[in-house]
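Below you'll find the structure, written out as structure tokens, and then a few comments.
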Amino acid sequence: MPVVLITGCSSGFGRAAALAFARAGYTVHASMRNLSRGESLRTIALQERLDVQLVSMDVTQPAQFGPIVEAIVARSGRLDVLVNNAGILHPGAFEDLTESQFRAVMETNAIAPLLLARAVLPQMRRQAGGLIINISSLSGVAGLPCDVAYTASKFAIEGATEALRHEVDRWSIRVALVEAGLYATGIFAPGMSEESVLPRDYPMDSPYRVLVEHKLLELRKRMPEAFDPATVGELLVRIAKSDSRQLRWPADGVATRVLGTLFAHDDAGRDQFLRNVSGTEWWSQGAERPV
């Protein structure tokens with residue numbers, strides 16, 4: 001059976017992905033920082049007799065990555081798919097964010113998934129195949145106010161993923177981005193309370209307070225329209241089962257419309273343009289040197 005490692009599986013996209021892959025016949029290694037938050041996933045897996053192994057992993061501790069990947073390969077013999085899903089956000093105006101808040105978002109959303117991807121690449125090269133899916137967002141293609149840290153992290157993962165695919169495609173390793181709109185994943189919950197839309201620790205004397213309150217109030221009003229994370233889990237399985245070289249996969253109709261507006265070329269045209277500009281077509285074709 002094909003083997004998948006998924007981060008951030010205690011809720012949201014990660015939990016949905018773990019169940020979708022397991023139901024599709026994959027051996028699933030579902031990671032999360034606190035295993036006690038995986039009881040519902042464990043219960044469903046037992047009830048449905050799904051092959052889901054819960055893995056304790058803190059994505060901000062990259063020293064854990066190598067041993068975890070080695071343990072998965074020792075147990076299953078291979079690693080076919082990595083889904084980088086774990087993520088956080090700190091909403092608010094950029095000037096109001098502390099350095100530690102900004103660094104935490106970048107570390108979790110951008111640096112961690114890239115380091116984990118690096119950790120799985122040797123095994124995927126040995127297999128001469130594999131797939132790395134990075135969960136992105138429309139915030140990765142369009143920057144909006146009060147979202148600077150999250151947007152920066154997603155723009156970073158977008159650019160790095162697009163660059164990485166040109167390095168690894170000679171080994172039949174695919175790389176993909178999932179572009180998601182607004183989903184009921186719970187990512188906003190830690191910063192909000194019933195009393196206020198502002199995060200509990202937000203500076204009350206901020207010159208941006210009106211703007212931030214407006215943006216977060218609009219977000220709260222839109223939450224009943226949020227999409228079901230289960231649809232993203234199903235999309236991830238479709239990506240894994242396809243042989244498409246597509247880079248960006250819109251997760252919903254909103255994402256499709258936004259991407260259609262922002263990008264004039266399809267992925268094939270965009271790929272060819274970038275390879276022509278960088279002069280790397282030879283590398284993707286497996287040649288030893290430029291021709």
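The values are calculated or read from the model by the stated rules, or taken from the named source; none is laboratory data. All values reported here derive from a predicted model rather than from experimental measurement. Glycine gets a Cβ as well: all are built from the backbone with ideal geometry, and neighbour counts include every protein chain shown. Remember, those area values only see protein heavy atoms, side chains included, never the ligands or the DNA or RNA. Shrake-Rupley method; radii C 1.70, N 1.55, O 1.52, S 1.80 Å.
Taking residues in segment 116-135 that are on the phi > 0 side of the Ramachandran plot, and partners anywhere that are among the charged types (D, E, K, R) and open to solvent by less than 30 Å² (accessible area, probe 1.4 Å), the pairs with Cβ atoms closer than 6 Å and at least 6 places apart or on different chains are G130/D80.
The one condition from (1) buried (at least 17 other Cβ atoms within 10 Å of the Cβ); (2) touching a residue at least 40 places away in the same chain (Cβ under 8 Å) that G66 does not meet is (1).
Let's see how each residue does on (1) of a type in the set (S, T, Y); (2) modelled with pLDDT under 80; (3) at negative phi:
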| residue | (1), (2), (3) |
| --- | --- |
| L211 | no, no, yes |
| K215 | no, no, yes |
| R220 | no, no, yes |
| S244 | yes, no, yes |
| L262 | no, yes, yes |
| G286 | no, no, no |
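Residue check: F188 meets all listed conditions (1) within 30 Å of G159 (Cβ to Cβ); (2) modelled with pLDDT of 75 or more but one, namely (2).
Looking at W249, W283, just one residue is more than 30 Å from F21 (Cβ to Cβ) and either of a type outside the set (A, V, I, L, M) or in a helix (DSSP H, G or I) (or both), and that residue is W283. Against the conditions (1) in a loop (DSSP other than H, G, I, E, B); (2) at pLDDT 95 or above, V175 satisfies every one except (1).
Among all residues of segment 25-36, there is at least one that is crowded, with 22+ Cβ neighbours inside 10 Å and part of a loop (DSSP other than H, G, I, E, B).
Kindly evaluate D243 against the criterion of being open to solvent by less than 30 Å² (accessible area, probe 1.4 Å) and more than 23 Å from G181 (Cα to Cα). Break it down stepwise before answering.
On the way: open to solvent by less than 30 Å² (accessible area, probe 1.4 Å): no; more than 23 Å from G181 (Cα to Cα): yes.
Against the criterion (open to solvent by less than 30 Å² (accessible area, probe 1.4 Å) and more than 23 Å from G181 (Cα to Cα)), D243 does not qualify.
Among the residues of segment 246-291, the ones that are free of Cβ contacts under 8 Å to residues at least 60 places away in the same chain, touching a Gly at 6+ places or on another chain (Cβ under 9 Å) and open to solvent by less than 70 Å² (accessible area, probe 1.4 Å) come to 1 in all.
Applying the set (1) over 18 Å from S172 (Cα atoms); (2) loosely packed, with under 12 Cβ neighbours inside 10 Å to E234 leaves exactly one unmet item: (2). Considering each residue of segment 42-61 in turn, at least one proves to be open to solvent by less than 40 Å² (accessible area, probe 1.4 Å) and either small (G, A, S) or in contact (Cβ under 8 Å) with a residue 60 or more places away in the chain (or both).
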